[in-house]
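Enquirer: My structure is below; once you've seen it, I'll send some questions.
The values are calculated or read from the model by the stated rules, or taken from the named source; none is laboratory data. Please read all numbers here as calculations on a predicted model, not as lab measurements. Because the Cβ atoms are built from the backbone with ideal geometry, glycine has one as well, and the counts that use them run over all protein chains shown.
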Amino acid sequence: MKCVVTGSNVKVLGKAVHSLSRIGDELYLEPLDDGLSLRTVNSSRSAYACFLFAPLFFQQYQPSTPGQDLLRCKILMKSFLSIFRSLAMLEKTVEKCCISLNDRSSCLVVQLHCKYGVRKTHNLSFQDCESLQAVFNLASCPHVLRAPARILGEAVLPFPPALAEVTLGIGRGRRVILRSYQEEEAESTSKAMVTEMSIGEEDFQQLQAPEGMGITFCLKEFRGLLSFAESANLPVSIHFDAPGRPAIFSIEDSLLDGHFVLATLLELDPPTQDLSSSKHHQPMPQLQSHSTPYQDNFANDDIDSYMIAMETTVGSEGSRALPSVSLMPGPHSEEEDNEAEPSPVPGTPPPKKFRSLFFGSILAPTHSPQGPSPVLAEDSDGEG
Amino acid sequence: MKFRAKIVDAACLNHFTRVSNMIAKLARTCTLRISPEKLNFILWDRQPSGGASTWCELEQENFFSEFQMEGVSAENNVIYLELTSENLSRALKTAQNARTLKIKLTNKHFPCLTVSIELLSVSNSSRIVTHDIPIKVIPRKLWKDLQEPSVPDADVSIYLPVLKTMKSVLEKMKNISNHLVIEANLNGELNLKVETELVCVTTHFRDLGNPPLASDDASLDRDPAEMVAVLVDIRKLLPFLAGQQVNPTKALCNVVAGRMVHLDVLHEDVSLQCFIPALALA
């Protein structure tokens, strides 16, 4: 694989890396026929992000050397980010950026051609990996919100940087409401300030959701996408479904597209801070097909359930073709994961705060059907 | 208990934001006292060693275009609230291009001071930010601790030098010792002194001027050049100076020998008084 980025696109690429770095620690770089894809997933598998840069984005784009398979690799986000750390520097001095990956060298080579003939070469060691692909389908999300990034950027501005989650919903009079989400445990003693932003419908290019609908998701990742979208001056589309199902934040133009899939919170208790009384409550539909012990764990715990179905594909088939698996795996046949432990593992911590994506692998035909349900969630109460 | 107020003027809003920023710099939590004419921010450092206390006062009519309040009872027409000062300053920070700002006492899921801001936007659409700041209503039996401290009779009263200068001097001195000796006399001289076993650093200010003393008898039989000294904790004084973003219209320092320093600062229509107890002179 070899690609060359020139001019202001270097900064665009840098910006994308910055926003990916808010999510995961590893960057999956995958040259495809329809462009270079950069993907990441966070450690608790509750957020997935991918950018696809079309071949036209590059001055030169060659996904594979003739007669060779497409290579893909996984690198440390930190080391890739450090190349693009200073956006001002990229803008001022870098004229061209070449990224190359081949079989013979054991490194991903990133070369920055700067002014005055200075050339910076970064050799990043990488790992072979499977293709990372979240299972999501825009068409299956009944609700859509679309607004210029600037509007959304201004809307999240009043929220404190330390705030973990926000609730986005449609309030009375079809106003779009963003509100800081407070965990129920924080009762009496240390109440945090609750901030609410209410924006009129007229600021949105598309608003297709019923009043009272609302989802809660992590603000940090959303801010990451917004900062990219604001710099590229693109509108952001938010596709979402009932609470607990993933929300897809996407941006698109002719040269690139980006999708951030964020888990949303599934609240068990009737929400006290709902946006209106008609809040539609989803009784965890995805759990029905699971094995009993697993379900028990779920049912008895305070589930913040954040779930996104994920899968990894192996093999050289064009992995961008999204399999038509529903967001929440129904019959649990294909989602078997060879990495995940079988369900009733002794000593597995109960999925107390479940904020995980489904990870599965479609080793399609060679796969054993309907094994024991895998542990799909790892405990991840990062926020403590 | 009821309270609602509204600010429409941008200058008033800015001024109010500045006050709240200053309060947030001084203490984590503050007490807000609301009475029909005045708003007070009261900072009370409850350290056993004797903390500094600050009393900030603003006339409501200089800030608010509407102001309604109803206290605990007709005789006690006042409200005392405790809140996290950073919350208020953060809430007001979002009001930078606000059309109107409303503050009211609400009880949504918990008692709060709700700051509701109508923002101006380019597209002429209405955007409203609401911040619910959790508060604690202070019961009447604790009010007595929150009365305006009485200003003691000062031995020397002197105008302070430019606060920024004083702040940078003290910041350097803090690296040497936390104990600061403030010396002042009636000749307009002020010394700031830190001392260790190895070094003694004194900064002298001259010609600062003294306001006329209230009690003339005391000063009559005293040599105007005689220094009155007080030892204070530099860490109590510095935040107060650091909180002053603009140089005030008036800054006065009253020294009560061996007992306390009283700083009296006036910014346009906001008065700020800080009481710093003395440490025992070594």
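Enquirer: Just give me the residues in region B:130-148 being facing another protein chain (nearest Cβ under 9 Å) and not aliphatic (A, V, I, L, M), in sequence order.
Expert: B:Thr130, B:His131, B:Asp132, B:Pro134
Enquirer: Now for a different question. Take B:Glu57 and decide whether it is charged (D, E, K, R), within 14 Å of chain A (Cβ to nearest Cβ), assigned to a strand (DSSP E or B) and surrounded by fewer than 20 Cβ atoms within 10 Å (Cβ to Cβ).
Expert: no
Enquirer: I would also like to ask the following. Do we find a residue being at pLDDT 90 or above, more than 14 Å from chain B (Cβ to nearest Cβ) and farther than 27 Å from B:Thr106 by Cα anywhere in region A:194-206?
Expert: yes
Enquirer: I've got another one for you. Without any contact (Cβ under 8 Å) to a residue 60 or more places away in the chain and in contact with a strand residue (DSSP E or B) (Cβ under 6 Å, 6 or more places away or on another chain) - does that describe any residue in region A:43-51?
Expert: no
Enquirer: A follow-up question, please. Would you confirm whether or not region B:84-92 contains a residue that is more than 23 Å from the chain's Cα centre (by Cα) and either closer than 16 Å to B:Glu148 by Cβ or surrounded by fewer than 20 Cβ atoms within 10 Å (Cβ to Cβ) (or both)?
Expert: no
Enquirer: Also, quick follow-up: I'd like to know if region B:116-127 contains one or more residues that are in contact (Cβ under 8 Å) with a residue 60 or more places away in the chain, under 24 Å from B:Met1 (Cβ atoms) and either in contact with a helix residue (DSSP H, G or I) (Cβ under 8 Å, 6 or more places away or on another chain) or buried (at least 20 other Cβ atoms within 10 Å of the Cβ) (or both).
Expert: The answer is no, given that none of the residues of region B:116-127 is in contact (Cβ under 8 Å) with a residue 60 or more places away in the chain, under 24 Å from B:Met1 (Cβ atoms) and either in contact with a helix residue (DSSP H, G or I) (Cβ under 8 Å, 6 or more places away or on another chain) or buried (at least 20 other Cβ atoms within 10 Å of the Cβ) (or both).
Enquirer: Given the conditions (1) more than 16 Å from B:Val19 (Cα to Cα); (2) surrounded by fewer than 21 Cβ atoms within 10 Å (Cβ to Cβ); (3) at pLDDT 90 or above, which single one is not true for B:Asn40?
Expert: The number of the failed condition is (1).
Enquirer: A follow-up question, please. Being away from chain B (no Cβ under 14 Å), in contact with a helix residue (DSSP H, G or I) (Cβ under 8 Å, 6 or more places away or on another chain) and surrounded by fewer than 17 Cβ atoms within 10 Å (Cβ to Cβ) narrows it down to one of A:Val118, A:Val110, so name that one.
Expert: A:Val118
Enquirer: Looking at A:Arg72 and the list (1) farther than 15 Å from A:Phe126 by Cβ; (2) at pLDDT below 90, which single condition is not satisfied?
Expert: That leaves (1) as the condition not met.
Enquirer: Still on this structure, please answer the following. Given the options B:Leu198, B:Leu192, B:Leu180, B:Leu170, name the one that is farther than 19 Å from B:Leu279 by Cβ and either of a type in the set (A, V, I, L, M) or in a strand (DSSP E or B) (or both).
Expert: Checking each option against the conditions leaves just B:Leu198.
Enquirer: How many residues are under 18 Å from the mean Cα position of the chain (by Cα) and within 14 Å of chain B (Cβ to nearest Cβ) when one looks only at region A:121-152?
Expert: Of the residues in that region, 1 qualify.
Enquirer: Let me spell it out: the conditions are (1) outside any helix (DSSP H, G or I); (2) within 18 Å of A:Leu132 (Cα to Cα); (3) of a type in the set (Val, Ile, Thr), and A:Val17 meets all of them except one. Which number is the exception?
Expert: Unmet condition: (1).
Enquirer: Take the residues in region A:95-119 that are among the aliphatic types (A, V, I, L, M) and farther than 13 Å from A:Lys11 by Cα; name whichever of them is modelled with the lowest pLDDT.
Expert: Looking at the filtered set, the residue picked out is A:Leu101.
Enquirer: Can you find even one residue in region A:181-196 that is under 22 Å from the mean Cα position of the chain (by Cα), surrounded by 16 or more Cβ atoms within 10 Å (Cβ to Cβ) and of a type in the set (A, V, I, L, M)?
Expert: Within region A:181-196, none of the residues are under 22 Å from the mean Cα position of the chain (by Cα), surrounded by 16 or more Cβ atoms within 10 Å (Cβ to Cβ) and of a type in the set (A, V, I, L, M).
Enquirer: If you don't mind, there's one more thing I want to ask. Which one is surrounded by the fewest Cβ atoms within 10 Å (Cβ to Cβ) among residues in region B:251-274 that are closer than 16 Å to B:Leu190 by Cα and β-branched (Val, Ile, Thr)?
Expert: Among residues in region B:251-274 that are closer than 16 Å to B:Leu190 by Cα and β-branched (Val, Ile, Thr), the one surrounded by the fewest Cβ atoms within 10 Å (Cβ to Cβ) is B:Val256.
Enquirer: Then there is this: Identify the single condition in (1) away from chain B (no Cβ under 14 Å); (2) in contact with a Leu (Cβ under 8 Å, 6 or more places away or on another chain); (3) crowded, with 23+ Cβ neighbours inside 10 Å; (4) within 22 Å of B:Arg127 (Cβ to Cβ) that A:Leu225 does not satisfy, given that it satisfies every other one.
Expert: A:Leu225 satisfies every listed condition except (2).
Enquirer: On the given criteria, is B:Ala154 surrounded by 21 or more Cβ atoms within 10 Å (Cβ to Cβ) and closer than 17 Å to B:Arg206 by Cα?
Expert: Criteria not met by B:Ala154.
Enquirer: Taking region B:70-95 on its own, how many of its residues are within 11 Å of chain A (Cβ to nearest Cβ), outside any helix (DSSP H, G or I) and of a type in the set (A, V, I, L, M)?
Expert: 2
Enquirer: Among the residues of region B:96-129, what is the count of those that are in contact with a Leu (Cβ under 6 Å, 6 or more places away or on another chain), in a loop (DSSP other than H, G, I, E, B) and facing another protein chain (nearest Cβ under 9 Å)?
Expert: So the count comes out to 0.
Enquirer: Taking region A:147-158, which residues are in a loop (DSSP other than H, G, I, E, B) and closer than 19 Å to A:Phe249 by Cα?
Expert: Answer for region A:147-158, where residues must be in a loop (DSSP other than H, G, I, E, B) and closer than 19 Å to A:Phe249 by Cα: just A:Leu157.
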